[in-house]
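Only one structure is covered here, and it is reproduced in the block below.
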Number of protein chains: 2
Amino acid sequence: MTTNKNTIYYTLTDEAPSLATCSLLPIVRTFTKAADIDVKITDISLAGRVLSAFPENLTEAQRVEDGLAFLGQLTQDPDANIIKLPNISASIPQLKACIKELQAQGYQVPDYPEAPANADEEAIKARYSKILGSAVNPVLREGNSDRRAPPAVKAYARKFPHSMGKWSKASRSHADYMRDGDFFSSEQSITVAEPTQVRIEFLDQNGQVEVKKELGLEKGEILDSMRMSCNALRAFFEETLQDAKESGVMWSLHVKATMMKVSHPIVFGHAVTVFYKDLFEKHGELFKELGVNPNNGIGSVYDKIASLPRSKREEIEEDIHACYENRPELAMVDSVKKITNLHVPSDVIVDASMPAMIRNGGQMWGPDGKPKDTKAVMPESTYARIYQEMINFCKTNGAFDPTTMGTVPNVGLMAKKAEEYGSHDKTFEIQAPGIMRVVDAQGTVLMQHDVEVGDIWRACQTKDEAVRDWVKLAVNRARLSATPAIFWLDAERAHDMQLKNKVEHYLQEHDTQGLDLHIMSYNEAIRFSMERMIRGLDTISVTGNVLRDYLTDLFPIMELGTSAKMLSIVPMLNGGGMYETGAGGSAPKHVQQVEEENHLRWDSLGEFLALAVSLEDMGRKQNNQRASILAKTLDAATGRLLENNKSPSRKTGELDNRGSHFYLGMYWAQEVAQQQEDPTLAAQFADLAKTLAENEAQIVAELAACQGKPAELDGYYHANRDTVKKVMRPSATLNTALASV
Amino acid sequence: MTTNKNTIYYTLTDEAPSLATCSLLPIVRTFTKAADIDVKITDISLAGRVLSAFPENLTEAQRVEDGLAFLGQLTQDPDANIIKLPNISASIPQLKACIKELQAQGYQVPDYPEAPANADEEAIKARYSKILGSAVNPVLREGNSDRRAPPAVKAYARKFPHSMGKWSKASRSHADYMRDGDFFSSEQSITVAEPTQVRIEFLDQNGQVEVKKELGLEKGEILDSMRMSCNALRAFFEETLQDAKESGVMWSLHVKATMMKVSHPIVFGHAVTVFYKDLFEKHGELFKELGVNPNNGIGSVYDKIASLPRSKREEIEEDIHACYENRPELAMVDSVKKITNLHVPSDVIVDASMPAMIRNGGQMWGPDGKPKDTKAVMPESTYARIYQEMINFCKTNGAFDPTTMGTVPNVGLMAKKAEEYGSHDKTFEIQAPGIMRVVDAQGTVLMQHDVEVGDIWRACQTKDEAVRDWVKLAVNRARLSATPAIFWLDAERAHDMQLKNKVEHYLQEHDTQGLDLHIMSYNEAIRFSMERMIRGLDTISVTGNVLRDYLTDLFPIMELGTSAKMLSIVPMLNGGGMYETGAGGSAPKHVQQVEEENHLRWDSLGEFLALAVSLEDMGRKQNNQRASILAKTLDAATGRLLENNKSPSRKTGELDNRGSHFYLGMYWAQEVAQQQEDPTLAAQFADLAKTLAENEAQIVAELAACQGKPAELDGYYHANRDTVKKVMRPSATLNTALASV
């Protein structure tokens, strides 16, 4: 793997980021080749992962490399340098759409067998299950997470603040969560002293034991178990619906059905069947026959009844509408298309939807297209409480002010699938009353829960090595940023108390002299951080994995208007580095705009920032002087781009993603040409700098000219790369200039 | 003063407590005389204070002792033992009513000269000003404050919880306060190293200096100064009115115009003239002529226009009503009588009104007599923030549960008029633009504020000795109660940071080993205490004077339904003790019920509790064994009274204050008769115990028989004592039994 010393692996993902890559990479490579750096594309798109999972179904020519497996191995290489763009965490409907598209393109990949009828179909489903949901990150994130707003980005937000909705002191909006019967209230946690094997068992009421899973645990590993009561969950949904109806607020559900791909679709499904209780009571049998799966949303009902005779279909549709009479208004995903919050589980993702609501003065969109106060329902209380804390804070202090507020960077525990929140392979929907328990090799019961039918039980692992590295990262970050750092550890969570022991232990390995380190409960920590934030002060949040995921959207969206502008680094346990670009999802709406009007509003700022840190690390680690120069000049170029407002506009006809790439290229060339550390390099880029500046108007015009008419991409999940390249590189002048370097 | 060793000074105050005293004291004396303890009455009622202020206007026979001055001296006596009942903190309208009543009774006390026309009237006003507002407590409170819920009371609340309104998670209610321009934002504070003289000066724009006040400061004394901007205050009122109108919540004002007798009436007056802006703009000149004083509320307008010709009066009344069109609904004091929140400054007192609102699910009463969500306006932000914190907490966690919640006792800084919140003699309404400043003997400017016309400027003192004693009291209380104690000190308040230095210094004088002591900002402290409280845990609040006043209503009203049931002790700096009974005010409505139906619902529990601690301290200090026995048996009797639910009912015809006194007497006699420490004493009370038990039905019947018809008290502020005694002791059987001991 010696070649990796000079290689940046740049991921090809999905939707908007993948389109942007086609425009950006030719520019990037123009620069990196001057430093002998190879920028290699690795395909980890949803389509790519589907294709690589079924080589035997494909022709030789159709077969593709398993990019994700390759990168997974690469993470172990101390020289690994990976730039990771946002990809689709596929829901079942998305996976099915992708399969359908591939099949239409002539790839004979199998259908997704929702209810496998035989062993073959079981096997197919098993392969697909590895593609669903949060499938990429757990493979690549072989380290903890270090995320922060780069100074240039923060300065930009202070100068050009994004819009913030006004918060009324009399707002009725609030977060609502279970007070009992959820994972939080039942969490148990242990740390094993020595390496051991444990079994997750189900003990039924007849004393029969079924082994659900065997796990090898490392020395010092933390294992949690917890149970969400189905009855409590459904009672909670009913109660919140009645409360919202009575108090006249909208009702909205915020889960993460894509990432928490086992537990949250079930939770979502219960919301659907409680909300549409009368409907499911009346047509339950028929729905079962039709294969309606409420976990896929009320959309599943519409899908499945499409084949029914018109009169029956209309009866059911009327019954759906009748449900709305007795229920509170539902928050809408698209009020024009009448897509509600309960239509599809992948539309509303808590870590994005809650910050959006809070940024919007606590309001979501109602059926009439108007913003309204909302009850934000997040059944599991562990993390929901922080949103209520922020809502109360905004009611009291008003909306955050991007021009003055401080920043809350994050150091997140993530390595070795720590606190892997999906816990896909250790989550079970209980089929019979009994006991779920964790038993060690000696037969000692380590943890156990009484369970009832429908309960969700899950276990979760956290490896000692990951925690130790996380503590180190937190100390380093606090030192480098000279900023107070708060470990968010809740005294009422069994898991966090195990973690706290380790934190206190591993902190002793470091010189913490002069550092301002604290351990606080989540509510204390967010309040402390917000109080500082509105006074312009910064506070590092040092958190577990789920909070990492949530907070690195929540705070950036308040501070910067988006989480896509965050610097997101994964310093790998083995020494390599992964540089993630944005956490803003892969933006399906952006693709729609390209298809309709050939305007890509995707902002590649995250890519610019990630590339700069990637080059900086490579320069330092490989003693590549030119890489260091490219890093510094790229940062300077990015600063100028922001300062001169050359980021993509949302409006067709104005500067889009491609135009911003041009400006980045021009500024970068100018910066390289002006630097004096390496005159040879400067000379190399003098011409390009000159050409681009002279042809600025021409290039911008060419990039604008293509807009305003539909663009054909020959596919959505698996677009034709050549077609896309043509679409994304429409300026002959720019293409020529780049080629001439 | 050797006689004081065996004397309890029992204050005669106003309204309901003074009526109750006439029934209770004969019972109490029956017991105390057995321990050679004399219970002496000292008159500190409003009428008594007025009479004693003008001896030269009265006949020899009419003259009365200055009870307050006497008690003031007594506080310096190490043997002082004072039981202090609630008295009227008179507003100007109350004072005037009292004067009118006295004059009608033939006492030639002078009228209150609101706008003195000459030196004589100035002198009269000056004498009356010492009677207004919080005039009693500053004289008597020669020590700090130690308040807590007695275990029997807490047990009673857990067993028989008071009603608590439901909090909706979607409640619109909130506290609103100034974000700038208030006292909080302008506070400055110094500690003087040595004894010194300072001048409070006004420097006008021509450089002329006017000395407003000279102050002698002790070594280590803290002096604060602060300014509330009139413009900012009026803009704030306008903003809150518009916001409440827009968001559809009621508007309510919560100040403490009685105690903060200089600053808060001015603040209240601004609220009146901003709310009724159009009215005051149109009729301002006329109102001036008529002597309307908006600081006395809109009621002042009604009073003063009463003499106008009917047509003019009706025009003005119409203009008043027109104001309501453009304003939010006003919270009502009495919706039947159409008495609004802005009618009289003494009706709504923040420390009672805010707990009542919070206890009532965040709602106050609207013009239609229905409970409604309310914007609670408290201009000064220093303390208003704690109410918003509690409101947010209740929205999130629901109403407090008296059956499970912990308790928050208070150790309050109060001695030597520390943080005297009225700051009556150091508060100024600014008449011209310029500078208010504090200058020392050397001419050095210690603090200064730019001021504009209408601004309110005030200074406030806190003596070192008081702080030192307060810290000692906190440490003792934390040790005795084995409970965490929080010093509420706000890092953003200049005064509190001076205090913090002293706290940290004086804590070193004590053994704090094993104590759980913290210093927190107000928001942190209340949140910390509430989080513990809902988990059944207790937390001592160690606070300054105003927070003492507010918190000893706020928490007791949540925990016990009333603050009147708190044990409230002032351990005097010189060694004596004052035992205050309840902080629930003197209950004018109770008197009304007596006058109309001869039922007194006043609960003397506070008196029972105070008397027990008074006896306990006397027993210990004077080695009076019988006093100790009386204390213990009284506590036991009180416990039985609560347990058997023999407290007064609110309903005419049922057991009232007099009946509960009977039961206390019976239980007390039984307890004394049963104790074995002092057989002689036991024997002395055996007969009484027997007689009362045997005649229980008869006595209760006699006490009920008098009810249901009007009772004549021959005066309100200055009722005829003999008449009152007859009214309050209607049971011949009881009277005879007591007399026979």
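The values are calculated or read from the model by the stated rules, or taken from the named source; none is laboratory data. What you see is a predicted model; the values in this text were computed from it and never measured. So basically every Cβ, Gly included, is an ideal-geometry build from the backbone, and we count neighbours across all protein chains shown. The accessibility values were calculated without ligands, DNA or RNA, using every heavy atom of the protein model including side chains. Shrake-Rupley method; radii C 1.70, N 1.55, O 1.52, S 1.80 Å.
Arrange the residues B:Arg532, B:Arg620, B:Arg158, B:Arg179 by how much accessible surface each exposes, largest first, with a 1.4 angstrom probe.
So, going from the largest accessible area down, we get B:Arg620, B:Arg179, B:Arg158, B:Arg532.
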- So which aspartates and glutamates pass the test for A:Lys219, namely a Cα distance under 16 Å, with those fewer than 8 places away in the same chain ruled out? A:Glu194, A:Asp440, A:Asp464, A:Glu465, A:Asp469
- Task: Tell me, rounded to the nearest percent, the portion of alpha carbon pairs in the stretch A:124-273 spaced more than 25 Å apart.
- Result: 59 percent
- Note on the structure: One quarter of the C-alpha convex hull surface, i.e. the mean projected area of the stretch B:400-537 in nm², amounts to 11.3 nm²
- Shape call for the stretch B:385-424, from the Cα gyration tensor axes a ≥ b ≥ c (a/c under 1.5 means rounded, otherwise prolate when a/b beats b/c, else oblate), comes out oblate
- Per-residue accessible area, 1.4 Å probe, largest first, puts B:Tyr10, A:Tyr717, B:Tyr302 in the order B:Tyr302, A:Tyr717, B:Tyr10
- Task: Step through the residues of the stretch B:521-526 one at a time and calculate ³J(HN,Hα) from phi using the Karplus curve (6.51 cos²θ - 1.76 cosθ + 1.60, θ = phi - 60°), rounding each to whole Hz and writing x for Gly and Pro.
- Result: 5, 4, 5, 4, 5, 5
- Item | Amide H within-cut-off set for B:Leu330, under 5 Å, with H built and near neighbours excluded | B:Trp251
- Task: Can you figure out the FRET efficiency of A:Tyr302 with A:Thr736, using R₀ = 56 Å and their beta-carbon distance, to the nearest 0.05?
- Result: 0.65
- Seen from all sides and averaged, what is the projected area of the convex hull of the Cα atoms in the stretch A:648-741, in nm²? 7.0 nm²
- Task: Could you order peptides A:191-198, A:233-240, B:727-734, A:11-18 by the average number of other Cβ atoms within 10 Å of their residues, highest first?
- Result: A:11-18, B:727-734, A:233-240, A:191-198
- What percent do you get for the relative contact order of chain B when only Cα pairs under 8 Å and 6+ apart count? 19 percent
- Query: What ³J(HN,Hα) values, in whole Hz, does the Karplus curve 6.51 cos²θ - 1.76 cosθ + 1.60 give for the stretch A:33-38 when θ = phi - 60°, with x put for Gly and Pro?
  - Reply: 5, 5, 10, 6, 9, 9
- Mind running the shape call on the stretch A:568-646? Use the C-alpha gyration tensor, a ≥ b ≥ c as the square roots of the eigenvalues: rounded below 1.5 for a/c, prolate if a/b tops b/c, oblate otherwise. oblate
- Task: For A:Ile339 paired with A:Arg158, estimate the spin-label separation in nm (one decimal), with each label point 7 Å from Cα along the Cα-to-Cβ line.
- Result: 3.9 nm
- Message: Would the stretch A:568-713 count as rounded, prolate or oblate if I go by the C-alpha gyration tensor, calling it rounded below 1.5 in a/c and otherwise prolate when a/b exceeds b/c, oblate otherwise?
- Response: oblate
- Note on the structure: Residue separation between A:Gln625 and A:Lys589 times 0.36 nm, minus their alpha-carbon distance, gives in nm 8.9 nm
- Between B:Pro55 and the same site in the other copies, what are the distances in nm, shortest first, taking label points 7 Å from Cα along the C-beta direction? 11.3
- Query: Among the lysines in the stretch A:385-483, how many pairs, 8 or more places apart or on different chains, have alpha carbons under 29 Å apart?
  - Reply: 9
- Task: Calculate the length of the line joining the C-alpha centroid of the stretch A:588-645 to that of the stretch A:1-72, in whole Å.
- Result: 17 Å
- Quick one, what does Rg over Rh come out to for chain B if you take C-alpha atoms and the Kirkwood Rh? 0.96
- Other-chain or far-sequence residues with amide H under 5 Å of B:Val39's (modelled H): B:Ile8
- Query: Between A:Gly133 and residues 5 or more places away or on another chain, which pairs have amide H atoms under 5 Å apart, with H built 1.01 Å from N, and which residues are they?
  - Reply: A:Ala90, A:Ser91
- Rh by Kirkwood over Cα pairs, then Stokes-Einstein D for the protein assembly as shown at 1.567 mPa s and 4 °C, µm²/s: 35 µm²/s
- Message: 7 Å from Cα along Cα→Cβ at both A:Arg535 and B:Asn57: what's the point-to-point distance in nm?
- Response: 5.2 nm
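Can you give the FRET efficiency for B:Glu239 and A:Glu281, using 1/(1 + (r/R0)^6), R0 = 45 Å, r = Cβ-Cβ distance, to the nearest 0.05?
0.30
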- Of all chain B residues, the one whose C-beta is nearest the axis that brings B onto A, in angstrom: B:Asn392, 2
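Regarding the stretch B:197-244, what's the average projected area of the Cα-atom convex hull, expressed in nm²?
5.6 nm²
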- Summarise the long-distance tail of P(r) for the stretch A:230-378 by giving the % of C-alpha pairs beyond 20 Å. 46 percent
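Give the calculated FRET efficiency between A:Lys500 and A:Asp111 to the nearest 0.05, with a Förster radius of 60 Å applied to their Cβ-Cβ distance. Don't jump to the answer; show the numbers that get you there.
On the way: r = 48 Å, r/R0 = 0.80.
Plugging the Cβ-Cβ distance into 1/(1 + (r/R0)^6) gives 0.80.
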- Message: Could you check the spin-label model distance between B:Arg650 and A:Ser481? Points 7 Å from the Cα along Cα→Cβ, value in nm.
- Response: 5.4 nm
- Calculate the radius of gyration of the Cα atoms of the stretch B:47-196 to one decimal place, then report Dmax, the largest Cα-Cα distance, as a whole number, both in Å. 22.4, 64
